[in-house]
Amino acid sequence: MVLPLLKLGTLALKTLSKPLGNRLKTQAARHPRFRQLIINMAQFNHRMTTQMQRRIYSHATDVEIRPLDEEKAVQAAVDLIGEVFVFSVAGAIVVFEVQRSARSEARKEEIRRQEMEALRQKDESLLTEVELLKHKLVELEQHARGRGLGGILNFKHAQMESGNSAKPA
């Protein structure tokens, strides 16, 4: 019951993070200081990606890179912020799911370990009981040899009588 609700909650959180990311984008574009910060961030990102592309495609890297106009820079930075927000929420959900799964597996492993320990203890007690029964059997055989064949028959007969007398009581 808890697992389906948890899955539904994570799905709802993922779904809600997209509109929140969009709202964050619109608010980020309006605030003047933050706007300048994201413009600088977008221009830096533009320079870095352009240089990497030029190196990858073996183009000249010493050529001046023209900066983006202000609106394109704002739009690129705001899109990046929205995507980072959505990705962060999805990443946090994945980390949460992995940790939950690990805790569940740890609990199962602990139960298995306890069951194995219980079986090991039962095995040890059964081995002790078998050894005790073997020891008693040896004693009975020695006792029977001392009394001879008739002693065994008397022992069995005496055992049956004691068993019969124990039943009615």
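The values are calculated or read from the model by the stated rules, or taken from the named source; none is laboratory data. No experiment lies behind these values; they were computed from the predicted model shown. Every residue, glycine as well, gets a Cβ built from its backbone with ideal geometry; the counts of neighbours run over all protein chains shown. Ligands, DNA and RNA are stripped out before the accessible areas are found, and what is left, the full protein with its side chains, is counted by its heavy atoms. Shrake-Rupley method; radii C 1.70, N 1.55, O 1.52, S 1.80 Å.
Go through the residues of region 27-35 one by one and say whether even a single one is open to solvent by 50 Å² or more (accessible area, probe 1.4 Å) and of a type in the set (G, A, S).
No, that holds for no residue.
Quick test for you: out of Q142, Q159, pick the one residue that is at pLDDT below 80, more than 58 Å from the chain's Cα centre (by Cα), open to solvent by 100 Å² or more (accessible area, probe 1.4 Å) and not basic (K, R).
Details: Q142 fails: at pLDDT below 80.
The unique qualifying residue is Q159.
Kindly evaluate A73 against the criterion of being open to solvent by less than 100 Å² (accessible area, probe 1.4 Å), under 30 Å from T15 (Cβ atoms), in contact (Cβ under 8 Å) with a residue 40 or more places away in the chain and among the small types (G, A, S). Please lay out each step first, then the result.
On the way: open to solvent by less than 100 Å² (accessible area, probe 1.4 Å): yes; under 30 Å from T15 (Cβ atoms): yes; in contact (Cβ under 8 Å) with a residue 40 or more places away in the chain: no; among the small types (G, A, S): yes.
Considered against the rule, which asks whether it is open to solvent by less than 100 Å² (accessible area, probe 1.4 Å), under 30 Å from T15 (Cβ atoms), in contact (Cβ under 8 Å) with a residue 40 or more places away in the chain and among the small types (G, A, S), A73 comes out as no.
With the requirement that a residue be open to solvent by 40 Å² or more (accessible area, probe 1.4 Å), touching a residue at least 40 places away in the same chain (Cβ under 8 Å) and of a type in the set (D, E), what does region 76-116 give you?
Hits for region 76-116 are D79, E83.
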